[in-house]
Amino acid sequence: MSKNARDRRRASLGALLAAPYVTAAATLTASPAMRRLALLTTVNALGNGLFATISVLFYTQHLGFSVGFVSAVLLAATVLAIGGDLVSGRVADASGPKPVLLAGLALSAVATALLLVVRGEVSFVLVLCLISLGQGLCMSSNTTLIRRVAHKNPALARASLRSLLTLGISAGALLAGLVLAGGSAAAFRIAILGDAVTFVIAARLLLRITAPPAPKGATGRPRPVLPDRRFAMFSLANGVIGIYLHVLSFALPLWVVLHHPQLIWVVGLLVATNALLTATFQVPASAGITSIQTAGRRLVIGAVCLAVSYLVFLSGWSSSPAVLGLVLCAFLVVHTAGEVLYNAGTMELLFRLAPAQQQGQYGAFYGISNGLMSSAAPAVLGAAIALDGGWGWWVLAAATILLALLIRAVSHGAEAADVAESPARP
């Protein structure tokens, strides 16, 4: 092969690999509104990553509350966030997502800053409830805004924004590492104030975003989601499969401590690598999804990868550090592949199965389903680790594949409606 031919082949291969990222960049820069939404997402993710990493230690070490009390308040606050998500979805459909998201950002900024003046249990509970309510208002209104602003390809836009979100959270966690290394109350308070400032910046960016008007029919009273059995089955089945989101943060460290405590240092490295790989490959994983059928196939492939990754936890079958290291690396690759492929399929279905004029309410129902199952994830994964014989992992793996096939089956019936609706999408 001649040198020119080799150069052309390398160039074409490079162009092929770069194509998804070029498309994603074009999507995020297609309009001033998308550019500002991308910047808003990054800024908000930076603050969220910082806050999520230091918040529990701030509550317990610097505010002096017990772990049990903090856990109970966080549980109650999560329920409030789910309620706020449901309300925000209905209001975003009826009056537009921008005012709801702006209210959520403003409330989050004020409530986060109020943490600096908490002096007792009552004020702590009130402030955490306000923070959770602000988060709830942001959830579905953000999804609806993406649908409105992204126009023709909201799923690719959301995948691209998700990559920015992951990178922003990782950067925020790195900043939190500096706070944790210092450990002083002043460092924690500056970080809390910094998080509040990110909400203010995000709100200012949102004010400069011009959202398209609501689709025809969105201003009326939204119909309940539950009678839409197709979407309800999709959301509930996805909520169960979504247990995989807690495998790296909960099941992996617990399994390593029980079976291979000498390798506990690997856990942090695996979690960080997963975040980097997810941010890198979410966009290519979402490329080429042009229909509900394509989304269903990709979703099932992702679910199979997730199910295979669960089988690593069947037992502590080897004592060789080298073998275990290779197995954990293989686990990370397979699990991450499953995560990005499954996410690509579900993001597309979330937009395609929900009517354009009810994206907020449907997104809220989707979020509630995921939130409820997330609360059960520690119990489910803990039982899988504790049960003898590893059959709990076999059950979880089988359920993941079967539920993914169920999602694919129930969603295919919507193909005709989806095609008919597509020209009218915002």
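The values are calculated or read from the model by the stated rules, or taken from the named source; none is laboratory data. Nothing here was measured: the structure is a model prediction, and the numbers come from that model. Note: ideal-geometry Cβ built from the backbone for every residue, glycine included; neighbour counts use all protein chains shown. Surface accessibility is based on the protein's heavy atoms, side chains included, excluding ligands, DNA and RNA. Shrake-Rupley method; radii C 1.70, N 1.55, O 1.52, S 1.80 Å.
Observations on the structure shown:
- Cα gyration tensor category, rounded, prolate or oblate, for segment 278-359 with a/c compared to 1.5: prolate
- For residue 286, the shell of other residues with beta-carbons less than 10 Å away shows a net charge of +2, using +1 for Lys and Arg and -1 for Asp and Glu.
- Cα extents of segment 265-402 along the three principal axes, largest first (Å): 56, 30, 25
- Along the axis of the charge dipole computed for segment 29-183 (Cβ charges of +1 for Lys and Arg, -1 for Asp and Glu, origin at the Cα centre), the listed residues 174, 96, 108 are led at the positive end by 96.
- Residue 193 sits with roughly 90 Å² accessible to a 1.4 Å probe, with DNA, RNA and ligands left out of the calculation.
- The protection proxy used here, the mean number of other Cβ atoms lying within 10 Å of each residue, ranks peptides 138-149, 178-189, 342-353, 71-82 as follows, highest first: 138-149, 342-353, 71-82, 178-189.
- Accessible area (Å², 1.4 Å probe, nearest 10) - residue 228: 40 Å²
- Per-residue accessible area (protein heavy atoms, 1.4 Å probe) orders 121, 339 as 121, 339, starting from the largest.
- Shape of segment 21-82, Cα gyration tensor, a/c cut at 1.5: prolate
- Taking all protein chains together and a 1.4 Å probe, the residues 66, 291 rank 66, 291 from largest to smallest accessible area.
- Shape category assigned to segment 258-297 from the gyration tensor of Cα positions, a/c cut at 1.5: oblate
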